[in-house]
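K.L.:
One structure coming up, written as structure tokens, with questions to follow.
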Amino acid sequence: MTTQDERADERADEYAGEGTGGGAATVMAAAAQGSFQVAPGYRVKVRQGPSTTAPVVRQLAEGAWIQIRCQRRGQRVSGPCGTTDIWDNIAPGQYVSDAYVRTGSSGPVAPACAS
């Protein structure tokens, strides 16, 4: 019988990309928690607004996991996860292009941001 602590450890391994090899099951489990991984091999720039011309606030580490608070439409960007005009708000005044986030969807996965 699996204990609650063992199940928690298994979930932690999945979120870290272990156990399932970072495949669809990991993406789906993370999505249920509102957490998504940035595209492997990329250090994604976090910007003040939904555009590549918005000032850079910081840069995410390779393999980072993010919480998407809400999403808004902005500049169209092409990246390893597709071409999209969806930008993910990860903190107040902090956006990353959804083209660099493994959401498992070509559409929105979070509510629209209030203006």
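K.L.:
Solvent-accessible area per residue for the stretch 68-115 at a 1.4 Å probe radius, Å²?
P.N.:
About 48 Å² of surface per residue is accessible.
K.L.:
Please list, in order along the stretch 64-70, the HN-Hα scalar couplings obtained from phi with the Karplus expression 6.51 cos²θ - 1.76 cosθ + 1.60 (θ = phi - 60°), rounded to whole Hz, x for Gly and Pro.
P.N.:
Karplus-based 3J(HN,Hα) across the stretch 64-70 equals 4, 9, 10, 9, 8, 7, 6 Hz.
K.L.:
Across the stretch 55-60, in residue order, what do the Karplus-derived ³J(HN,Hα) couplings come to in whole Hz, using 6.51 cos²θ - 1.76 cosθ + 1.60 with θ = phi - 60° and x for Gly and Pro?
P.N.:
My calculation for the stretch 55-60 gives x, 7, 8, 6, 10, 7 Hz in order.
K.L.:
Per 0.36 nm of contour for each residue apart, how much would the distance between residue 57 and residue 114 grow if the chain were fully extended, relative to their Cα-Cα spacing?
P.N.:
Between residue 57 and residue 114, full extension yields 18.5 nm more.
The values are calculated or read from the model by the stated rules, or taken from the named source; none is laboratory data. Note that this is a predicted model, so its numbers are computed, not measured. Note: areas computed on protein heavy atoms with side chains; ligands, DNA, RNA excluded. Shrake-Rupley method; radii C 1.70, N 1.55, O 1.52, S 1.80 Å.
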